[in-house]
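**Student:** Have a look at this one.
The values are calculated or read from the model by the stated rules, or taken from the named source; none is laboratory data. All values derive from a computational prediction rather than experimental measurement. Note: ideal-geometry Cβ built from the backbone for every residue, glycine included; neighbour counts use all protein chains shown. Only protein heavy atoms, including side chains, enter the accessible area calculation; ligands, DNA and RNA are left aside. Shrake-Rupley method; radii C 1.70, N 1.55, O 1.52, S 1.80 Å.
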Amino acid sequence: MITIWGRANSVNVQKVLWCCDELSLPYERIDAGMQFGRNNTPDYLSMNPTGKIPTLVDGDYVLWESNSILRYLAMQYGPPSSFLYPAEPKTRARIDRWLDWALSTLQPAERPVFWSIVRTPEAARELAALERDVRAVGLLWKQLDTHLAGRFFLETDNFTLADVVLGAYAKRWFGLEGVERGSMPNLERWYLRLEHRPGFRKYVDLPLT
Ligand SMILES: N[C@@H](CCC(=O)N[C@@H](CS)C(=O)NCC(=O)O)C(=O)O
């Protein structure tokens with residue numbers, strides 16, 4: 001049995017839950033992080049020394065880092081020529097670059113915006129910083145909008161792990177209230193396509209908290 005440790009409103013946990021849904025994988029989830037705590041107990045730290053969520057436990061195999069968990073699940077449980085994470089090296093590398101871009105570039109830029117609007121009381125918001133941060137992350141989403149011109153999904157004609165990862169962050173962009181997003185027609189079309197995926201609706205397309 002697969003166990004996923006982490007609260008359900010974490011974007012990094014949501015990606016993993018969505019991926020399990022795409023693979024029709026049963027799992028149990030244990031709340032951890034923020035108000036649930038548990039992630040700094042000695043037992044948790046012995047599984048995941050970073051004290052972050054998510055952590056995956058699959059039998060006696062333990063893994064942390066959300067995108068690594070996605071790759072593992074797709075390789076371990078996807079069919080050999082899995083559409084989610086194709087084995088062909090050039091295709092796989094194009095998917096991997098988006099997974100890397102998401103963690104190295106997009107997440108550091110989107111996190112302050114999300115935290116300011118969703119998890120900070122209005123009176124305590126620093127508006128000048130917020131405006132600057134929205135502009136910065138908007139430029140990154142615009143890069144994705146440009147990439148998506150003429151494409152159905154991010155890479156290949158099929159839905160892949162790249163769509164899972166960026167789709168989870170996209171909810172935290174399109175779901176924000178009071179943000180000037182500018183025109184991103186390709187990104188919007190792609191985002192609407194994700195709404196056809198039950199895993200997106202069930203685990204990601206929820207009120208932001
Ligand atoms: N790069 C890591 C980031 C993990 C991370 O920062 N997780 C956040 C939640 S999204 C966390 O553990 N926050 C502390 C908490 O929830 O208490 C990953 O992708 O798994």
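**Student:** Only one residue in G59, G33, G51 is in contact with a Gly (Cβ under 7 Å, 6 or more places away or on another chain) and at positive phi, so which one is that? Break it down into steps so the answer makes sense when it comes.
**Tutor:** On the way: G59 fails: in contact with a Gly (Cβ under 7 Å, 6 or more places away or on another chain); G51 fails: in contact with a Gly (Cβ under 7 Å, 6 or more places away or on another chain).
One residue alone meets the criteria, G33.
**Student:** While we're here: Can you tell me how many residues in region 64-85 are surrounded by fewer than 21 Cβ atoms within 10 Å (Cβ to Cβ) and away from the ligand (no atom under 16 Å from the Cβ)?
**Tutor:** Of the residues in that region, 9 qualify.
**Student:** Now for a different question. Do any residues in region 46-63 that are in the same structural domain as A8 (by TED's automatic domain parsing) have Cβ atoms under 6 Å from those of residues that are part of a loop (DSSP other than H, G, I, E, B) and open to solvent by less than 70 Å² (accessible area, probe 1.4 Å), where the two are at least six apart or on different chains, and which pairs are they?
**Tutor:** What qualifies is G51/N39; I53/G6; I53/S10; I53/A32; I53/G33; I53/N39; P54/G6; T55/N48.
**Student:** Just for region 93-102: of the residues that are buried (at least 16 other Cβ atoms within 10 Å of the Cβ) and of a type outside the set (V, I, T), which one is farthest from the ligand (Cβ to nearest atom)? Walk me through how you get there before you give the answer.
**Tutor:** The first filter runs over region 93-102 and keeps only residues buried (at least 16 other Cβ atoms within 10 Å of the Cβ), leaving 94-96, 98-99, 101-102.
This time we only want the ones that are of a type outside the set (V, I, T), so: 94, 96, 98-99, 101-102.
On the way: R94: 20, D96: 14, W98: 14, L99: 10, W101: 13, A102: 9 Å.
Here the residue is R94.
**Student:** How many residues does region 149-196 contain that are open to solvent by 10 Å² or more (accessible area, probe 1.4 Å), in contact with a Leu (Cβ under 8 Å, 6 or more places away or on another chain) and part of a helix (DSSP H, G or I)?
**Tutor:** Going through region 149-196 one residue at a time, the tally reaches 4.
**Student:** Is it fair to say V137 is open to solvent by less than 40 Å² (accessible area, probe 1.4 Å), touching a Ser or Thr at 6+ places or on another chain (Cβ under 8 Å) and either within 16 Å of the ligand (Cβ to nearest atom) or touching a residue at least 24 places away in the same chain (Cβ under 8 Å) (or both)? Show your work before the answer.
**Tutor:** Details: open to solvent by less than 40 Å² (accessible area, probe 1.4 Å): yes; touching a Ser or Thr at 6+ places or on another chain (Cβ under 8 Å): no; either within 16 Å of the ligand (Cβ to nearest atom) or touching a residue at least 24 places away in the same chain (Cβ under 8 Å) (or both): yes.
Spelling it out, it is not the case that V137 is open to solvent by less than 40 Å² (accessible area, probe 1.4 Å), touching a Ser or Thr at 6+ places or on another chain (Cβ under 8 Å) and either within 16 Å of the ligand (Cβ to nearest atom) or touching a residue at least 24 places away in the same chain (Cβ under 8 Å) (or both).
**Student:** If a residue has to be open to solvent by less than 90 Å² (accessible area, probe 1.4 Å) and under 14 Å from V179 (Cα atoms) to count, how many in region 104-124 make the cut?
**Tutor:** 7
**Student:** Within the set of pairs 6 or more residues apart or between chains, which connect a residue that is more than 23 Å from P49 (Cβ to Cβ) inside region 2-29 to a residue that is assigned to a loop (DSSP other than H, G, I, E, B) and open to solvent by 40 Å² or more (accessible area, probe 1.4 Å) with Cβ atoms less than 6 Å apart?
**Tutor:** From region 2-29, the pairs are N9/T209.
**Student:** For residues that are polar (S, T, N, Q), open to solvent by 60 Å² or more (accessible area, probe 1.4 Å) and either near the ligand (Cβ under 10 Å from one of its atoms) or touching a strand residue (DSSP E or B) at 6+ places or on another chain (Cβ under 7 Å) (or both), tally how many sit in region 6-63.
**Tutor:** 3
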